[in-house]
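Written below as structure tokens is the structure these notes are about.
The values are calculated or read from the model by the stated rules, or taken from the named source; none is laboratory data. A quick note: this is a predicted structure, and the numbers were derived from the prediction, not measured. For neighbour counting, all protein chains shown are included, and Cβ atoms are generated from backbone atoms with ideal geometry for every residue, glycine included. Heads up: the accessible areas ignore ligands, DNA and RNA and are worked out on the full protein's heavy atoms, side chains in. Shrake-Rupley method; radii C 1.70, N 1.55, O 1.52, S 1.80 Å.
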Amino acid sequence: MSILRLVFWRHGQTEQNRLRRIQGSADIPLNDTGLGEARAAAKELARMKPTRIYSSHLGRAVQTAQFLSDETGLEIKIDERLRERAYGLWEGMTSDEIKASHAEQWQVWRSGGEPTGVEVETRKATGERVVEAVLEAVGDAEKTEVDETIVFVAHGGSISNGIISLLGLNPSEWVGLQGMDNCRWAIVEPRPGANPPWRLRSYNRRTVVPPSIVY
């Protein structure tokens, strides 16, 4: 029938998150804190009555998605296009370590630019592949006879760049969304006939709804 909302849910905490080390394409599992975060968040998200769950193939996202699958009985559909932005030579490093070893490109990165020569995926490329996955899922959902709430379980960079791109902006040029905290989520709603045809309803949430809104 229609798309009610898209929910973008960042995975729970990992040890690399705790140590403030860049993960990127590395496959890092949740730590105990992350498992607890995902379990609690899944109970909240289940209140929105999701109809589909898509997840990045990286273990920390799949582990997070599994808690929502357990709550709802929904199958997890794996889509590698939801994976985190690749950080090339910087994966496993802290910001201070990057600054010490690649000072010039660190400054480019921290000022919102695209670092070069260190194998870091651009924000634009990340956003484009995420949007491709999202719109494909939306197209499939629109063929059904139910109102759909689709949950995408992914990563800080893939979500922020994906949402920026979905809203018609170039994340390589506009970096106004910070990556969400672990196990928080964003809600994007359709705006048929509008420009852009999506709007960001909420961002970095950890509870489903404020008291004045009922789903």
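Mind checking which residues of region 125-157 are of a type outside the set (A, V, I, L, M) and touching a strand residue (DSSP E or B) at 6+ places or on another chain (Cβ under 9 Å)?
Pass one, region 125-157, residues of a type outside the set (A, V, I, L, M): 126-129, 132, 136, 139-140, 142-145, 147-149, 152, 155-157.
Matches in region 125-157: ASP140, GLU142, ASP147, GLU148, THR149, PHE152, HIS155, GLY156.
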Where a residue in region 1-26 is more than 20 Å from ALA42 (Cα to Cα) and its partner, wherever it lies, is of a type in the set (Lys, Arg) and open to solvent by less than 40 Å² (accessible area, probe 1.4 Å), with Cβ under 8 Å and at least six apart: GLN23/ARG60; GLY24/ARG85
Looking only at region 178-208, which residues are part of a strand (DSSP E or B), open to solvent by 30 Å² or more (accessible area, probe 1.4 Å) and either farther than 15 Å from ILE159 by Cβ or touching a residue at least 24 places away in the same chain (Cβ under 8 Å) (or both)? PRO190, ARG199, LEU200, ARG201, TYR203, ASN204
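Condition (residue is under 27 Å from GLU142 (Cα atoms) and either among the hydroxyl-bearing types (Ser, Thr, Tyr) or in contact with a strand residue (DSSP E or B) (Cβ under 7 Å, 6 or more places away or on another chain) (or both)) applied to region 80-94: is it met by at least one residue?
Restricting attention to region 80-94, the residues satisfying the condition of being under 27 Å from GLU142 (Cα atoms) are 80-84.
If we keep only those that are either among the hydroxyl-bearing types (Ser, Thr, Tyr) or in contact with a strand residue (DSSP E or B) (Cβ under 7 Å, 6 or more places away or on another chain) (or both) too, we end up with 82.
Taking every residue of region 80-94 in turn, at least one turns out to be under 27 Å from GLU142 (Cα atoms) and either among the hydroxyl-bearing types (Ser, Thr, Tyr) or in contact with a strand residue (DSSP E or B) (Cβ under 7 Å, 6 or more places away or on another chain) (or both).
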Give me the pairs, please: first residue somewhere in region 30-52 and in contact (Cβ under 8 Å) with a residue 12 or more places away in the chain, second residue anywhere and of a type in the set (Phe, Trp, Tyr) and not in a strand (DSSP E or B), beta-carbon distance under 6 Å, and either six or more positions apart or on two chains. ALA38/PHE67; ARG39/PHE67; ALA42/PHE67; MET48/TYR215
Given the structure, is ILE3 surrounded by fewer than 18 Cβ atoms within 10 Å (Cβ to Cβ) and not polar (S, T, N, Q)? no
Please work out if LEU6 is in a strand (DSSP E or B), of a type in the set (A, V, I, L, M) and out of contact with any Leu (no Cβ under 6 Å at 6 or more places or on another chain). yes
Have a look at GLU119, GLU132, GLU84, GLU145 and point out the one that is more than 21 Å from ALA41 (Cα to Cα), of a type in the set (D, E, K, R), touching a residue at least 40 places away in the same chain (Cβ under 8 Å) and assigned to a loop (DSSP other than H, G, I, E, B). GLU145
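Select, from GLU142, GLU128, GLU148, GLU121, the only residue that is open to solvent by 70 Å² or more (accessible area, probe 1.4 Å) and modelled with pLDDT of 95 or more. Working first, answer last.
Values: GLU142 fails: modelled with pLDDT of 95 or more; GLU148 fails: open to solvent by 70 Å² or more (accessible area, probe 1.4 Å); GLU121 fails: open to solvent by 70 Å² or more (accessible area, probe 1.4 Å).
Within the list GLU142, GLU128, GLU148, GLU121, the selection yields GLU128.
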In region 35-76, how many are over 16 Å from the mean Cα position of the chain (by Cα), buried (at least 18 other Cβ atoms within 10 Å of the Cβ) and of a type in the set (S, T, N, Q)? 2
Answer yes if at least one residue in region 102-116 is part of a loop (DSSP other than H, G, I, E, B), touching a residue at least 60 places away in the same chain (Cβ under 8 Å) and either open to solvent by 70 Å² or more (accessible area, probe 1.4 Å) or farther than 25 Å from ARG18 by Cβ (or both), and no otherwise. yes
